[in-house]
1. Could you check the spin-label model distance between residue 279 and residue 300? Points 7 Å from the Cα along Cα→Cβ, value in nm.
2. Compute the relative contact order of the chain as a whole-number percentage, counting only Cα pairs closer than 8 Å that sit 6 or more residues apart in sequence.
3. On a 0 to 90° scale, report how tilted helix 125-140 is relative to the longest principal axis of the chain, with both axes built from alpha carbons and the result rounded to the nearest 10.
4. Helix 203-221 versus the longest principal axis of the chain: what angle, 0 to 90°, nearest 10, using Cα atoms?
5. Going by a ≥ b ≥ c, the root eigenvalues of the Cα gyration tensor, does the range 128-193 fall in the rounded group (a/c under 1.5), the prolate group (a/b larger than b/c) or the oblate group?
6. Can you list the lysines whose alpha carbon sits under 17 Å from that of residue 40, skipping same-chain ones fewer than 8 residues off?
7. Of the listed peptides 167-176, 95-104, what is their order by residue-averaged count of other C-beta atoms within 10 Å, with the highest listed first?
8. With a cut-off of 8 Å between alpha carbons and a minimum separation of six or more residues, what is the relative contact order of the range 33-103 in percent?
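The values are calculated or read from the model by the stated rules, or taken from the named source; none is laboratory data. Everything quoted here is computed from the prediction, not taken from an experiment. Cβ placement follows ideal geometry from the backbone for every residue including glycine, while neighbour counts extend to all protein chains displayed. Heavy atoms of the whole protein, side chains included, go into the accessibility calculation; ligands, DNA and RNA do not. Shrake-Rupley method; radii C 1.70, N 1.55, O 1.52, S 1.80 Å.
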Amino acid sequence: MAAEYDLTPRMAPNLDRHLVFPLLEFLQERQIYNDNHILKAKIDLLNNTNMVDYAMDIHKTLYQTEDVPQDMVERRADVVARLKSLEDAAAPLVAFLQNAGAVQELKADKHYNLQMLNDKYQIGPAQIEALYQYGKFQFECGNYSGAADYLYQYRALCTNSERSLSALWGKLAAEVLMQNWDVALEELNRLKEIIDSKNFSSPINQVQSRIWLMHWSLFIFFNHDNGRTLIIDLFNQDKYLNAIQTSAPHLLRYLATAFIVNKRRRPQLKEFIKVIQQEQRSYKDPITEFLACVYVNYDFDGAQKKMRECEEVILNDPFLGKRVEESNFSTVPLRDEFLENARLFIFETYCRIHQRIDMGVLAEKLNLNYEEAERWIVNLIRGLKLDAKIDSQTGTVIMEPNHPNVYEQLVDHTKALNGRTYKLVTQLLEHAQGQAAR
């Protein structure tokens, strides 16, 4: 089942190729695929980077030899020569930026800075462009620290918005690969602001940028201390959720996981369940099916079965299944937290739809003795403010019926209609653009 629910083939096209390497490392460690299959995938990725030494090492491991193809040797020589050329071209500006006294002459006005650099230091557009190319080349060589510095400095001088945006994507990738999660989050927020406010040539391009942003954000959200809340805040926004439904429904796995482990966002879960229900034909996995079992079908036996499958999915997902020692979280591993909250979801819903509940049955399902189950139920009633009482004589929990509000139902149906309309319009635009391209 591990390979069946592996999302790497869907994720990779929406990631920079350097960001795919951590996913392959995880899959190789978990032995989900044949080791040679992973090594070949790594070499294919490296073919379009400047990490030639790394490619040579993998080639030696894959083919059990100390010899490497001649084209790799020639490629390495080309990379070294190109790196030296770019270093020389960017040297005047790099030297200026390393001079603390000179840097203090820079101001917030980019046009002033460009004029001052040209007049006083003979640094012009060619040297600024060279800094971008040098930073980009460093990134392709795997020097993410140097790339992050040069691309940051380039953006401070760049007046071309498109090139500045490209540099910001590169800076974000570099910070992610260095696992600088706080800085990466800052860059992510900058990118989001630009994507949401920029005038794109087509709505489809804006949707695609949002999809890329959400894929890249997974590295941050499942490593940052507050990430499980932040992913809901981003993915659950209408524009981003519509992008998921239209073009990347597999991202529902991560939003569903965040909802399950995040009690602070429980009030938003009801709307998300409707999305899960709408998208069952386009995407489902044990995690989304678990929510459907509990909140759509009220199939509690099915939900317990899906819980066991969820555990395997989480363990074998590169974003969800990190070893405990790899995680920034010092408390409960994600898998354990997920399972504990999933059990709570089952019994919370069970309590809401049954008027009379046998505590003995609940105790058996919870693997608790009768007294422990009684305390657990009391805490559940208090914590969730359920309209219920315990009948100690009959050993049952008596629930008051909770009738749905007609007005709320009407509002809910209207919101769902808006989402479906947006998705339909987006699909029509894609079709129209495809026809025009022909």
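1. According to this spin-label approximation, the distance is 2.8 nm.
2. On the way: 404 pairs, mean separation 48.3, N = 438.
Result for the chain is 11 percent.
3. 50 degrees
4. So the helix axis and the longest Cα principal axis differ by about 80 degrees.
5. Numbers: a/c = 2.17, a/b = 1.12, b/c = 1.94.
Since a/c reaches 1.5 but b/c is at least a/b, the shape of the range 128-193 is classed as oblate.
6. Within the straight-line cut-off, residue 40 pairs with 60.
7. Those peptides, ordered most packed to least, come out 167-176, 95-104.
8. Details: 28 pairs, mean separation 14.8, N = 71.
Here the relative contact order equals 21 percent.
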